[in-house]
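Report on the structure given below.
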Amino acid sequence: MKLKNLPLSIAVIPDGNRRWALSHKLSIMRGYSYGVSKFIDFSEWCLGYGINSISVWAFSTENFRRNTNEVSALFGIYKKVAKDRKIIKRLHENATRLNIIGNRSLMPKDLLSLLRNIERETMQYTEHTINMLIGYGGRDDILHAVKGIFKNIGNAGRINDEAFRNYLISNSIPDIDFIIRTSGEQRLSGFMPWQSAYSELYFSKRLWPDFTRQDLHRALVDYSFRKRRFGK
């Protein structure tokens, strides 16, 4: 079935890694490892549909409230992935740029260095982009913009939609057409409040590691039948 009316920009909130691990009697970190591998597959499925902007919420500012050992272990998984030349090769093969979005001062310096290297290595690609939101929070994003505007503009009369967007941490991400959240949770939890103003939402009951290409197809079929009016 060839789909029409596909989103240009898609985002995923990959929820359910811990529950999946517990249900399979595996360690929580094994669940997160499966989750990371799943996103790599997910991004390539999206490219196969011609979706060129893909965003994933990898780690929120609120996630820092979790157990310290869990946070450290999760960052360790991201470091391992960032060092994996096979994964970086797949980015090159798909001509895909990696874009890191979030409060970089919150990230471990060694992880940030590895991610920056991948950003630099893939910056020549302009058609396909993966936005990795790490150390990101929607409220933090808005506060960052407000502080920047007060510091650099001052005159409220000069602030418009475009000016405000430019001060967001996430300013390089276009408006999101379609947001998928897994594991049955039906909320955005502060996910990119500016770009999600008119996003179409899809909530899957699948735990993220169980999400399949067929699940993505079903979600896109659902999207293809929606009528977007943008308030008109």
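The values are calculated or read from the model by the stated rules, or taken from the named source; none is laboratory data. Since this is a predicted model, take the numbers as computed values, not measurements. All Cβ positions, even for glycine, are placed from backbone atoms using ideal geometry, and neighbour counts span all protein chains on display.
Here is how the numbers come out for the structure above:
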read-out: Subset of the range 193-213 [out of contact with any Gly (no Cβ under 9 Å at 6 or more places or on another chain) and in contact (Cβ under 8 Å) with a residue 12 or more places away in the chain]; value: GLN195, ALA197, SER199, GLU200, LEU201, TYR202
read-out: Answer from ASP140, ASP110 - the residue that is surrounded by 16 or more Cβ atoms within 10 Å (Cβ to Cβ) and of a type in the set (Asp, Glu); value: ASP140
read-out: Hits in the range 5-26 (condition: over 18 Å from GLU70 (Cα atoms) and in contact with a Pro (Cβ under 7 Å, 6 or more places away or on another chain)); value: SER9
read-out: Among the candidates LEU133, LEU216, residue that is outside any loop (DSSP other than H, G, I, E, B), touching a residue at least 12 places away in the same chain (Cβ under 8 Å) and under 23 Å from LYS4 (Cβ atoms); value: LEU216
read-out: Condition check for SER55: of a type outside the set (Asp, Glu), loosely packed, with under 14 Cβ neighbours inside 10 Å and under 22 Å from PHE191 (Cα atoms); value: no
read-out: Selected residue (criterion: modelled with the lowest pLDDT) from residues of the range 181-195 that are crowded, with 18+ Cβ neighbours inside 10 Å and farther than 26 Å from SER27 by Cβ; value: GLY190
read-out: Counted residues, the range 202-217 - those being out of contact with any helix residue (DSSP H, G or I) (no Cβ under 8 Å at 6 or more places or on another chain), surrounded by 14 or more Cβ atoms within 10 Å (Cβ to Cβ) and over 18 Å from ALA58 (Cα atoms); value: 2
read-out: Enumeration of residues in the range 1-52 that are of a type in the set (S, T, N, Q), surrounded by fewer than 16 Cβ atoms within 10 Å (Cβ to Cβ) and out of contact with any Ser or Thr (no Cβ under 6 Å at 6 or more places or on another chain); value: SER23, SER27, SER37
